[in-house]
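Accompanying notes for the structure given below.
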Amino acid sequence: MRTGTYYIQQTGAPAGFLPNSTRVTVNITKENKDVTITVYNAAGNYNLTVTTGGQAICYAGMQTKFYFSGIRASSNMAMSNFYLHVKIPTDALRAGTLYTGTWNFSAAYSIQYRTNLNNYRTLASGLNSKSQYSYDLSTNGLALGVNEYVTDIRFVFAGVPAGFHESVAPVLYCSVLPTIPTGYQYTVRSEIGGRIGGIFYTGAGEFSAAVISTIPVYPLLGILPKTGYQSSPSAAASLSGSPPLIVLAFPAYHFTETS
């Protein structure tokens, strides 16, 4: 190098560390041709979280819903190839309507889906993260083949800043297969991830629910409750030949929605 004054600034950092933006001044003279510079880099923070919630009890043949909240890239660095992945338990469910939710940072993204018969395909691209969209992911809605259904859903962002998170949680409605027996349990899983440098970081969440195969109906269809009061002998005689009144007790089901 020629003698003179130089300014040196780090443009990148090792994987897992933040770049140091300090500009260092170096004077090169004939007497100090070799100069050593020491730069310190702070460690990066990569905390990725997602929470999967929904209805703890659902009924065979009916609809249920799940939401994905707490989606946060709480790192102190921007991430590339950021994604949200939802795994549908197709042993019990079939995908229905997806509501994309909204996000705190304006960015374009795409939605992809995979089926039991085909790899990932793009459902929509160039979506605005500040706007909400809805899509029918059923077999008919996507014009899928016979016995083909969605198994995975993926939101894909080219890049997101530090502190990226959802503003309105994405929601997925699913249909419970009508053949699922009472007591059967399934789990919906979600994962988020992103890349910093050459390293991928991920976070995951899951939610389990139980199925009831029949819906309790009360009062019994076709049977009306007896009302009023009659004390005359003729009224008592008219009731003496009536069949006995049978009272059926049904279990009470309490529905909860967790986040």
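Every number here is computed from the coordinates shown, using simple stated rules; none is lab data. Computed from a predicted model, the values in this text were never measured in an experiment. Ideal geometry is used to build each Cβ from the backbone, glycine not excepted, and the neighbour counts take in all protein chains shown.
For segment 66-143, the convex hull spanned by the alpha carbon atoms encloses 116 Å³ per residue.
Note on segment 49-212: percent of Cα-Cα distances in each 5 Å bin, starting at 0 and stopping at the bin with the largest distance, equals 2, 9, 18, 21, 20, 15, 9, 5, 2, 0. A cut-off under 14 angstrom between Cβ atoms defines the neighbours of residue 122, and their net charge, with Lys, Arg +1 and Asp, Glu -1, is +2. Residues whose amide H comes within less than 5 Å of that of residue 115, counting only those at least five positions distant or on another chain, are 151 (H built at 1.01 Å from N in the peptide plane). Taken along the Cα-to-beta-carbon direction at a fixed 7 Å, the label points for residue 20 and residue 167 span 3.9 nm. Candidate cross-link partners of residue 87 among the aspartates and glutamates, defined by an alpha-carbon separation under 17 Å and a same-chain spacing of 8 or more, comprise 136, 148, 152, 191, 206.
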